[in-house]
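The values are calculated or read from the model by the stated rules, or taken from the named source; none is laboratory data. Not measured: the values here are computed from a predicted model. Positions of Cβ are generated from backbone atoms using ideal geometry, with glycine treated the same way; all protein chains shown enter the neighbour counts. We work out accessible area using only protein heavy atoms, side chains counted, and drop any ligands, DNA or RNA first. Shrake-Rupley method; radii C 1.70, N 1.55, O 1.52, S 1.80 Å.
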Amino acid sequence: QITLGRATKDNQIDVDLALEGPAWKISRKQGIIKLKNNGDFFIANEGRRPIYIDGRPVLGGNKWKLNNNSVVEVSA
């Protein structure tokens, strides 16, 4: 499991997206990438802003299957 978001003193994450752009627009826990038992990767949007997978928006509270070479964009 890999957590994407914004690191704070009280919130440690795996990939700190605040280093890439306006930190205040990134949720502390923006998304989680998980590997399922069958070998598929899924991303769950835990934040308010959409995460785009290959140009398609994944809204907060939803998840999406990642394909080989999928492009993941976090709106800031």
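Put simply, the chain fits an ellipsoid with semi-axes of 20, 14, 10 Å; these come from the alpha carbon gyration tensor as the roots of five times its eigenvalues, largest first. A DSSP coil position with no more than 14 other Cβ atoms inside 10 Å describes the following trypsin sites (Lys or Arg not before Pro) in the chain: 9, 36, 48.
For the range 43-59, backbone phi angles converted through the Karplus equation (6.51, -1.76, 1.60; θ = phi - 60°) give residue-by-residue couplings of 10, 10, 7, 9, x, 7, 7, x, 10, 9, 10, 6, x, 9, x, 10, 7 Hz, Gly and Pro being listed as x. Here the dipole of the chain is about 260 debye; that uses its Cα centre as origin and unit charges on the Cβ of Lys and Arg (positive) and Asp and Glu (negative).
Springs join every pair of Cα atoms under 10 Å in this Gaussian network model of the chain, and among 17, 66, 35 the largest mean-square fluctuation is at 35. Here the relative contact order of the chain, from alpha carbon pairs under 8 Å that lie six or more residues apart, stands at 23 percent. Accessible area per residue for the chain is 70 Å², calculated with a 1.4 Å probe on protein heavy atoms, without ligands, DNA or RNA. Sorting 74, 58 by accessible area puts them as 74, 58; the probe is 1.4 Å, largest comes first, and only protein heavy atoms count.
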